[in-house]
Amino acid sequence: RNFNNVVTSSGSMIVVSNRLPFVLKRLEDGRLIRKASAGGLVTAVAPVVINGNGLWVGWPGIHLEDPNEPIPESEPGDITPTAGLKSDKVIAVHVDPDVFDSYYNGCCNGTFWPLFHSMPDRATFKLTDWKDYVTVNKEFAECTLTALRSLKKTKDTPQHEVPLIWVHDYQLMLAASWIRQNAEEEEIPCKLGFFLHIPFPPWDIFRLLPWGDEILQGMLNCDMVGFHITDYCLNFVDCCQRYLGCRVDRKNLLVEQGGRSVRVRPLPIGIPFERFVELAEKAPKVFSGEHKIVLGVDRLDYTKGLVHRLLAFEKLLQDHPEHRGQVSMMQVAVPSRTDVKEYQELKETLEQLIGRINGKFTTPNWSPIRYIYGQVSQDELAGYYRDAFVGMVTPLRDGMNLVAKEFVACQIDSPPGVLIVSPFAGAGETMHEALICNPYEIAGAAEVIHRALTMPEDERILRMNYLRRREKVNDVNFWTKSFLSAMGSLFKPEDHDDVG
Ligand code: ADP
Ligand code: G6P
């Protein structure tokens, strides 16, 4: 098993993301401790930073009165993927809490998140939020430049030692502008890469953004911009051409900007496949086996299609009464962005809907829906994935969706279960052997669940074998390697150009 054997960058690496791989928590005795952050970004990037001895610039999750208060090391016995990240490799970005609130809750999650998921009716466009987005991006850029200066590289640094700065996601689409400008002025060499973990919307949606030109220019200050799938790359190239008037090459995915040629690349993210297999092998049995389980695991987010999924399950019980008493839906929802109104409302709606469906169908021995509102540890989650009969991943829109990949990795028992995915997730583009389900069509979705529950064993085996094989090869190491290769920064020169 080689999941620790990750590829590394040839030069030093600085990762910049809104979230650090941990959040800080203050204990009653005043001591600070680390708690693992949730999310695919952290699991994917942490081993690269740790093994490559890189630096990580990000927000520590709480406001510290004294920004010079030392970041604690991880607790003894911590086995999360970020335990190896030493505190002197972390640059915590400190922002005034009010400014951070309008940047994070207002602009990132009130404007960009819904708009980039093609849900413009949910988006707000407030100039004050945007101004704080600019301020916070500048602050992240400043901290990144401090990290870059500490590496003491000069214009004579050999090409293979030039530091790589890897900026992540929609919270930091402007940061590269100031990083590039200052690094050039100070003659510090660096390569700049960006990866967007969410969809990039089509021009018709993107043009609703009053600050679209700044966003595109910010991203184009990188040498390479990565997205999960080709559609998002083409949307980005299209917007650069129509919004900024850039010369573009759609075939080779290039955008001309300021005398530079910016590479745009589809780099579908993967998961630490072997790690999930091991967790699934070790996890104790979760369900009694009395009922078949249809499993959903999501952050509690309106893009995940949770309401549609529950309605589809209700329709299944109505149209196929033979499943009553035999099948339960288990929905695990992790609290997310709880200060944003849309998320608070969704929580209420879900609770009411679950109450209504359970009230309608529950018998003394069986309830149709089991609901957990909370974070579940990765080892526990692996047991859920392994023991579920159907994995239901039906977002209304999703950049990739790692849950679909984690589910197939953990399906180690034979005969295996069935994966259902939405065509509106990046995962729906690549996981061809899953059952494809349009979440908006409730009756159709109910039929897809019925088909999954009644699928013959040999078909389940065949589909799952293909799905697992693909995710095993295209795992998170492969993603990192593809990114470094596209940046020309892969450690082994002979590996260049073989992927990406
Ligand atoms: P997103 O990035 O939008 O949250 P993904 O499906 O790509 O969606 O990634 C979600 C990550 O968070 C996965 O790695 C998944 O294991 C984890 N996760 C989701 N829900 C929970 C939960 N209830 N408890 C613990 N981890 C969760
Ligand atoms: C998605 C985003 C990440 C984000 C994560 C959790 O995966 O792409 O950038 O970190 O959700 O959201 P949060 O707002 O808690 O960081």
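The values are calculated or read from the model by the stated rules, or taken from the named source; none is laboratory data. The model shown is predicted, which means the values in this text are computed figures rather than measured ones. Every residue, glycine among them, receives a Cβ derived from its backbone with ideal geometry; neighbour counts consider all protein chains shown. Note: accessible area is taken over every heavy atom of the protein model, side chains too, but ligands, DNA and RNA are not part of it. Shrake-Rupley method; radii C 1.70, N 1.55, O 1.52, S 1.80 Å.
Tabulated data for the structure shown
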| read-out | value |
| --- | --- |
| Filter pass, Thr124 being under 23 Å from the mean Cα position of the chain (by Cα), surrounded by fewer than 22 Cβ atoms within 10 Å (Cβ to Cβ) and among the polar types (S, T, N, Q) | yes |
| The one condition in (1) polar (S, T, N, Q); (2) within 15 Å of ligand 2 (Cβ to nearest atom); (3) out of contact with any Lys or Arg (no Cβ under 6 Å at 6 or more places or on another chain) that Gln331 fails to fulfil | (2) |
| Count of the range 317-329 residues which are open to solvent by 10 Å² or more (accessible area, probe 1.4 Å) and at negative phi | 8 |
| Conditions (1) touching a residue at least 24 places away in the same chain (Cβ under 8 Å); (2) within 13 Å of ligand 1 (Cβ to nearest atom); number of the one not met by Glu342 | (2) |
| Index of the failed condition, Glu433 passing every other in (1) touching a Gly at 6+ places or on another chain (Cβ under 9 Å); (2) not in a helix (DSSP H, G or I) | (1) |
| Pair list, Cβ under 9 Å, 6 or more apart: the range 1-18 residue open to solvent by less than 30 Å² (accessible area, probe 1.4 Å) and at pLDDT below 75, other residue of a type in the set (A, V, I, L, M) and in a loop (DSSP other than H, G, I, E, B) | Ser9/Met487; Gly11/Leu151; Gly11/Val162 |
| Among the candidates Arg263, Arg309, Arg250, residue that is modelled with pLDDT of 95 or more, under 30 Å from Lys347 (Cβ atoms) and either surrounded by 19 or more Cβ atoms within 10 Å (Cβ to Cβ) or basic (Lys, Arg) (or both) | Arg309 |
| The range 372-395, subset of a type outside the set (Asp, Glu) and away from ligand 1 (no atom under 11 Å from the Cβ), residue farthest from Val448 (Cα to Cα) | Gly383 |
| Hits in the range 28-45 - residues which are away from ligand 2 (no atom under 13 Å from the Cβ) and either surrounded by fewer than 24 Cβ atoms within 10 Å (Cβ to Cβ) or aliphatic (A, V, I, L, M) (or both) | Glu28, Asp29, Gly30, Arg31, Leu32, Ile33 |
| Test: residue in the range 97-114 that is more than 18 Å from Tyr170 (Cα to Cα), at pLDDT 95 or above and open to solvent by 70 Å² or more (accessible area, probe 1.4 Å) | yes |
| The range 445-475, subset closer than 18 Å to Asn401 by Cβ and not in a helix (DSSP H, G or I), residue least open to solvent (accessible area, probe 1.4 Å) | Asp475 |
| Which listed residue, of Gly226, Gly193, Gly212, Gly218, is of a type in the set (Gly, Ala, Ser) and surrounded by fewer than 19 Cβ atoms within 10 Å (Cβ to Cβ) | Gly212 |
| Test: Leu64 is touching a residue at least 60 places away in the same chain (Cβ under 8 Å), more than 16 Å from ligand 1 (Cβ to nearest atom), assigned to a loop (DSSP other than H, G, I, E, B) and of a type outside the set (Lys, Arg) | no |
| Residue count, the range 359-396 (criterion: assigned to a helix (DSSP H, G or I) and over 23 Å from Arg468 (Cα atoms)) | 3 |
| Selected residue (criterion: most open to solvent (accessible area, probe 1.4 Å)) from residues of the range 281-298 that are modelled with pLDDT of 95 or more and more than 18 Å from Thr454 (Cβ to Cβ) | Lys282 |
| Residue list for the range 267-298, filter: in a strand (DSSP E or B) and either within 12 Å of ligand 1 (Cβ to nearest atom) or closer than 23 Å to Pro114 by Cβ (or both) | Leu295, Gly296, Val297, Asp298 |
| All positions within the range 367-381 that are crowded, with 21+ Cβ neighbours inside 10 Å and within 18 Å of the chain's Cα centre (by Cα) | Leu381 |
| Residue pairs meeting the criteria (Cβ under 6 Å; at least 6 apart or on separate chains; first more than 15 Å from Gly428 (Cβ to Cβ) and modelled with pLDDT of 95 or more, in the range 455-474; second open to solvent by less than 60 Å² (accessible area, probe 1.4 Å) and assigned to a helix (DSSP H, G or I)) | Arg468/Val408; Lys472/Phe273 |
| Within the range 184-243, tally of residues that are part of a strand (DSSP E or B), over 18 Å from the mean Cα position of the chain (by Cα) and closer than 21 Å to Thr135 by Cβ | 1 |
| Candidate set: the range 299-326, residues that are under 13 Å from Glu342 (Cβ atoms) and in a loop (DSSP other than H, G, I, E, B); chosen: the one farthest from ligand 2 (Cβ to nearest atom) | Leu300 |
| Subset tally (residues that are small (Gly, Ala, Ser), within 19 Å of the chain's Cα centre (by Cα) and open to solvent by 10 Å² or more (accessible area, probe 1.4 Å)) for the range 390-434 | 1 |
| Residues located in the range 136-161, provided they are surrounded by 16 or more Cβ atoms within 10 Å (Cβ to Cβ), assigned to a helix (DSSP H, G or I) and among the β-branched types (Val, Ile, Thr) | Val136, Thr144 |
